[in-house]
Amino acid sequence: MIGWYVHHHGWGHVTRMRAIRPFLDDDVTVFSSLPRPETLPDRTTWVRLPSDADPIVAADGSSREASALGDVTVGGALHWAPVGHPGHRARLATMATWIAENPVTAFVVDVSVEVTTLVRLLGVPTVVFAQPGERTDPPHRLGYDLADRIIAPWAADTIDATGLRGRDDRVRQVGAISRYGGRPRTAESAERRVLFLSRTLDENRLQRTIALLEAEGWTIDTAGARDGDRVDDVWPLICAATVVVSAAGQNGVADLAAANARAVVIGQDRPFGEQEHTVRVLAAHGYAQTAPEDASPEAIVAAVRRAAETSPEWAGWGVAGAAARAAAAIEEVVA
């Protein structure tokens, strides 16, 4: 039986879990603050955890932010451990109780150094996911030090993760994990189409960029780029597009690689410089056209034109077989 912690920021972590899950033979119980997805693979249980960041309401009705109750980082040793927060206590207690009452053979953490520490202290083999960026602070080092395996969801010779140095015996560079890995590509549209994938631009710049592109004769699609346009299966849209404009999140870029898409990738401001780091790698290796987060609509349109003239080759991003390799890394530590 495998436990799996899914971080609640965005949908990328749960998407990654769902890509890997079919390659695991064990029962899996997922813990997350996110709501349970409408569908889950067989032999997969979802446990909803309480929030550990919402305000605390006292008996007199007053409210205080979690960060106001004490040092949430314990002097920089951890990322988030709020003092006296009932949700924080309950979520850790829920996972600890489950471990105590079940024959847990491994626990995957994506991502939280606090959960990693809890699980390893309870004697369970632990697998953590690495992320791009400058992950050399004490909490990240602690999480990596405690892990039995570290899954790096990128191919060798792509992301230069300085935080993983000295841990080569436990690191598995499996390639970029896409939910569409191995799915046949559908036909590209005969029209010149641009797909804006994910919330990459604010609404004002998005509207201006779309207007400029439409004036040049481009047909525009959006998926998750604005309110109310979420698409569960974006694969046909990615494949139909002449150019995809995307943020530099790990899952989004992996999906571009799975489709061998022409792309403009815009790095968003994220902790530890995660997306900026990825954008630099994409530009250096010629996988995609790139732009900074504050790029003007005119600059983005120019990048779309350049991308449309390219013939990308994403094989080096390592999507093929990545989910299966990640599952094999997890199975290495199953007790």
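Post the alpha-carbon centroid distance, segment 226-249 to segment 268-335, in whole angstrom.
Between the Cα centres of segment 226-249 and segment 268-335 lies a distance of 15 Å.
Please work out the Cα center distance from segment 94-128 to segment 1-54, rounded to the nearest Å.
The distance from the Cα centre of segment 94-128 to that of segment 1-54 comes to 14 Å.
Would you compute, from DSSP H runs of 4+ residues alone, the mean residue ellipticity of the chain at 222 nm, taking -39500 (n - 2.57) per run and dividing by the full residue count, rounded to the nearest 500?
The per-residue figure over the chain is -9500 deg cm²/dmol.
Sort 95, 1, 17 by Cβ crowding within 10 Å, fewest neighbours at the top.
Ranked by crowding around the Cβ, least crowded first: 1, 95, 17.
Suppose each label sits 7 Å from its Cα in the direction of the beta carbon; what would the residue 212-residue 43 distance come out to in nanometres?
5.2
Kindly write out, for segment 162-177 in residue order, the coupling ³J(HN,Hα) from the Karplus curve 6.51 cos²θ - 1.76 cosθ + 1.60 (θ = phi - 60°), rounded to whole Hz, with x marking Gly and Pro.
Using θ = phi - 60°, the values come out as 5, x, 9, 4, x, 10, 4, 5, 10, 8, 10, 7, 9, x, 6, 9 Hz.
Which entry in (1) 170; (2) 132; (3) 146 matches volume of the Cα convex hull per residue in Å³ derived from the coordinates of this structure?
It is the one labelled (3).
How would you rank 302-312, 68-78, highest first, on the average number of other Cβ atoms within 10 Å across their residues?
Per-residue mean Cβ counts within 10 Å order the peptides as 302-312, 68-78.
Please give the charge dipole size of the chain, origin at the Cα centre, charges +1 on K and R Cβ atoms and -1 on D and E Cβ atoms. Round to the nearest 20 debye.
So the dipole magnitude of the chain works out to roughly 380 debye.
Return 85, 285 ranked ascending by Cβ neighbour count within 10 Å, so the fewest neighbours appear first.
285, 85
Go through segment 76-90 residue by residue and turn each phi into a ³J(HN,Hα) via Karplus (6.51, -1.76, 1.60, θ = phi - 60°); whole Hz please, and just put x for glycine and proline.
In residue order, the calculated couplings are x, 6, 10, 8, 7, 9, x, 7, x, 8, x, x, 4, 5, 5 Hz.
Grab the eigenvalues of the alpha-carbon gyration tensor for segment 166-279, scale each by 5, take roots, and send me the semi-axes largest first in whole angstrom. Please report the intermediate quantities before stating the final value.
Details: eigenvalues 144, 67, 25 Å².
Over the Cα atoms of segment 166-279, the semi-axes work out to 27, 18, 11 Å.
Which ³J(HN,Hα) values in Hz, rounded to whole numbers, follow from the phi angles of segment 286-299 under the Karplus curve 6.51 cos²θ - 1.76 cosθ + 1.60, where θ = phi - 60° and Gly and Pro get x?
In residue order, the calculated couplings are x, 6, 8, 6, 10, 8, x, 4, 9, 4, 6, x, 5, 5 Hz.
Each reported figure results from applying straightforward, stated rules to the coordinates on display, with no laboratory input. Note that this is a predicted model, so its numbers are computed, not measured. Methodologically, a virtual Cβ is constructed for each residue, glycine included, from the backbone with ideal geometry; neighbour enumeration extends over all protein chains shown.
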